[in-house]
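Peer 1: Take a look at this one; I'll ask things after.
Just so it is clear, none of the values below were taken in a lab; they were calculated from the coordinates. Small disclaimer: the values here were computed from a predicted structure and weren't measured. Here the Cβ is made from the backbone with ideal geometry for all residues, glycine too, and neighbour counts use every protein chain on show.
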Amino acid sequence: MRSLLRNKEDRDMQKLESSLKNMVLVLVGVALIVGAVLAYINHLTSGPIAEKAAQSLAAGIKSVMGTEELQVAEPEEVKQEFGGKEFSFTIHKCSDKSGKQLGAAVESTTGGFGGDLKVLVGFDTEGKILSVKANVSTETQGVGSKVGEASMLEKFEGLSGDVSGVTLKTGATFTSNAVRDGVQAACAALAAIQ
């Protein structure tokens, strides 16, 4: 009787080992197939996503520079240290069709309430702010997102250098401060190359 029980236990152990091995193999196989499909989809969509980002940036630069008729030079990367952290800025020098300098558009990224907050600042040739655009899509809807409205960002227009006195929106302090800090950092980055 004991030998029958032992034989049954041995068979059950073999089934368990066999099924565990099969489950692991199937799981690994499924993971490899899913990984390959995701890599292929990423390959298909990376080009259109990059093209859309470039179109959005070009439209943003035209908007902050205040004209459709401009030429944008090759972007210049500038690294600056603020508050012990190194930040990277992209500066797009702009000219009209005849080659006359119009100023520059500076991309700046700061930390908002909901994550990274991107700011695009247009400057004239004297370093005065022409216009500001802020991507506040990651901020709280109805509160922080209101900081990105044109009526808020117009407060920067005509300023240069120090913008620390600009108050954008009460109730959205974190987002307001992030946008103001992004504009301030863009001013400093532009001053560093002039």
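Peer 1: Measure off 7 Å from each Cα along the Cα-to-Cβ vector at Glu74 and Ala36, then give the distance between these two points in nanometres to one decimal.
Peer 2: Rounded to a tenth, the inter-label distance reads 4.1 nm.
Peer 1: Need the full-extension length gain, Gln194 to Ser164, defined as separation in residues times 0.36 nm minus the C-alpha distance. One decimal, nm. Could you put the intermediate results ahead of the total?
Peer 2: Values: separation 30, 0.36 × 30 = 10.80 nm, distance 2.10 nm.
Extra length from Gln194 to Ser164 when fully extended: 8.7 nm.
Peer 1: Can you flag which of Lys52/Lys155; Lys62/Lys128; Lys100/Lys133 are past 27 Å Cα-Cα?
Peer 2: On the way: Lys52/Lys155 29 Å; Lys62/Lys128 16 Å; Lys100/Lys133 24 Å.
From the list (Lys52/Lys155; Lys62/Lys128; Lys100/Lys133), the Cα-Cα distance tops 27 Å for Lys52/Lys155.
Peer 1: Among 34-45, 51-62, how do they line up from the highest to the lowest mean number of other beta-carbon atoms within 10 Å?
Peer 2: Working: 34-45: 9.8, 51-62: 13.4.
Highest mean packing first, the order is 51-62, 34-45.
Peer 1: What's the extension gain from Ser98 to Glu86 if we count 0.36 nm per residue and subtract their Cα-Cα distance?
Peer 2: Numbers: separation 12, 0.36 × 12 = 4.32 nm, distance 3.63 nm.
In short, 0.7 nm is gained.
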